[in-house]
Amino acid sequence: MASLTIGRYVPYNSFIHKMDPRAKLFALIVLMVAIFLPYPTYVMSFTIQGIIFLFGVFLLWRSHVSFFRVLKSLAALWIMVIFILIIYVLVPRTTNYPAFDINGFVIYWDSILEAARILLRLVLMIVLSMVLTSSTKPLDLTAALEWYLYPLKLIGFPSHIVAMIISLALRFIPTILDDVERIMKAQSSRGVDFENGHLGTKIKAIVSLIIPLFVSSFIRSDELANAMECRGYDPNAKRTRYRKLHFRAVDFVETFVVLAIFAGCLTLSIMQLDAYNAIWGITTL
Amino acid sequence: MKNILEVKNLSYTYQGENAEALHDLSFSVPAGSYVAIVGHNGSGKSTLAKIIAGLCSYKKGKVTLFGEELNKNNLPALRKRMGLVFQNPDNQFVGSSVRDDIAFGLENRQVPSEKMDGIILEYATKVSMEKYLDHAPENLSGGQKQRVAIAGVLAMKPELIIYDEATSMLDPVGKKDILDITFGLREENPDLSVISITHDIEEALRADYVIVLNKGKLVLEGKPSEVFTHADTLKEIHLDAPFLMSLIDSLRKEGMDVPSDVDSLEKLEEYLCQ
């Protein structure tokens, strides 16, 4: 259960918390694209990723996300690290910059650098998404998503219904987690062992958890639907909004800053410009 | 007095079942009264609530709400005039905070968003939840969630509130809170009618009128002081008479002539001291 709380919203009064969720979502997507753009050399990639990383750290610091929590979620990446390293070391490379030679098995520099580039991308993705999720209420995020989906209404996509579904799902996560805990306790008291045993027994134990969970969730959804209907909810009717999003002047400035960073990255990527070579005449990998 | 709800010869059978959940039920609820519908499990009282709320469509009989016969066409309009509070506090909490939950009904009614904050505060105060406006449902007790549900219903200014076993999942303190709030509301607004479906006899004792159901049939109806003197009938259908009523019943069996207007311990004490 604890792992689910990693990206949880933490209330603070920072400028990032006050930023319009639409601007934040936009900034996240744009920065992610900037991270994934192809750059001419590894050193250029690392430089740009480094700049975005510093920016991310600044955001983390300003939005009061505890660095301990960030490290904890990054620690979950270790399986990926091993996986990526193995893949890239085994894949034969075209360039010839050997780093080590272990009894005739050559590991090339670009394997290591490529693995490092992918890893940095993952780390950056996690850091930036954590800034978003811990500084934005799930409900505001849903509202932002609904706003972006709004144009799809023209082709008949029910964006308001999707937004309602998402916000109900978010609302019921803690309730259903409580159910999980209760059912696990109930089944444990009847002799189901969720912790020990080999794979077969474990699967059986999980089934004894999942089926009651489904049953209770269906009962819940049925009652919820009744309650919503009685309170006058009609998915196709017009509704007013309690929470309105306000795009302020500050949001424009902040979006502009992010766009400026993105524009710089995009230019470097499209021109395939190796700044180190152009300015100092150094050729790098 | 005008009747807010009239049920005539209502029978209902669930799809795929042979036994009737409700059988030839007739009663009426005068405007501004507090009616308790009591019965043991399976007595059909929840079915009755679903039918009144338009969640089940009936075939036999007639249900008249606010003077109009209930049907599919006028259901949305009739629903605007009544509010339901269900049994499970979690499954009727729609918003992710108290504020948002009360706002949910207002959004459905297309109340302008500028007016919502005022309305939310007003009704949250009525159920003394004004300090918890930004709390998430998982940080509230069952009783508090039910209070929010009542605020959500009240914000729509209903003429009729139906409690479908609204207190049955609550602890005694939560139960008492809900009842006190409800009686307080009725003092404030005597036109508000309440139909409470319950198996809490002590609650039924405080009602204006009691209807006792068993296996889909109406067994007893009348003022609580009349209904609960039929201790034997109640015992037969697995309902306990309230302590006061059992006491009066035993006194009468012993040959004492307790008058029928005795409906509280104080009055009984007065009578016995004469």
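The values are calculated or read from the model by the stated rules, or taken from the named source; none is laboratory data. This structure is a prediction, so every number in the text was calculated from the model and none was measured. Neighbour counts are summed over all protein chains in view; Cβ atoms, including those assigned to glycine, are modelled from backbone coordinates with ideal geometry.
Counted as qualifying within the stretch B:77-190 are the helices (runs of 4 or more DSSP H) with 2 or more residues that are at the interface with chain A (Cβ under 10 Å from one of its Cβ atoms) and buried (at least 20 other Cβ atoms within 10 Å of the Cβ), namely B:98-108, B:113-126, B:142-154. Residues in the stretch B:104-113 that are of a type outside the set (Ser, Thr, Tyr) and either under 15 Å from residue B:157 (Cβ atoms) or modelled with pLDDT under 90 (or both): B:105, B:106, B:108, B:109, B:110, B:111. Taking the stretch A:188-285 as the region of interest, the helices (runs of 4 or more DSSP H) fully inside it that hold 3 or more residues being small (Gly, Ala, Ser) are A:199-230, A:249-271. Residues of the stretch A:214-240 that are facing chain B (nearest Cβ under 8 Å) and in contact (Cβ under 8 Å) with a residue 40 or more places away in the chain: A:220, A:224, A:239.
Among the residues of the stretch A:241-281, those identified as surrounded by 11 or more Cβ atoms within 10 Å (Cβ to Cβ) and within 14 Å of chain B (Cβ to nearest Cβ) are A:241, A:242, A:243, A:245. Taking the listed residues B:43, B:11, the one that is under 16 Å from the mean Cα position of the chain (by Cα) and more than 14 Å from chain A (Cβ to nearest Cβ) is B:43, with no other qualifying.
Flag not set for residue A:15, criterion: within 14 Å of residue A:134 (Cα to Cα) and free of Cβ contacts under 8 Å to residues at least 24 places away in the same chain.
When the stretch A:60-119 is filtered for residues that are touching an Asp or Glu at 6+ places or on another chain (Cβ under 6 Å) and either under 24 Å from residue A:28 (Cα atoms) or part of a helix (DSSP H, G or I) (or both), only A:88 remains. From the list A:99, A:115, the one residue that fits, being surrounded by fewer than 17 Cβ atoms within 10 Å (Cβ to Cβ) and either at pLDDT below 80 or out of contact with any Ser or Thr (no Cβ under 9 Å at 6 or more places or on another chain) (or both), is A:99.
Taking every residue in the stretch B:1-23 that is among the charged types (D, E, K, R) and pairing it with any residue that is buried (at least 19 other Cβ atoms within 10 Å of the Cβ), at least 6 positions away or on another chain, the pairs with Cβ-Cβ distances below 7 Å are B:20/B:12; B:20/B:216.
Going by what's in this entry, would residue A:171 be described as at the interface with another protein chain (Cβ under 10 Å from one of its Cβ atoms), in contact with a Ser or Thr (Cβ under 7 Å, 6 or more places away or on another chain) and in a helix (DSSP H, G or I)? Spelling it out, residue A:171 is indeed at the interface with another protein chain (Cβ under 10 Å from one of its Cβ atoms), in contact with a Ser or Thr (Cβ under 7 Å, 6 or more places away or on another chain) and in a helix (DSSP H, G or I).
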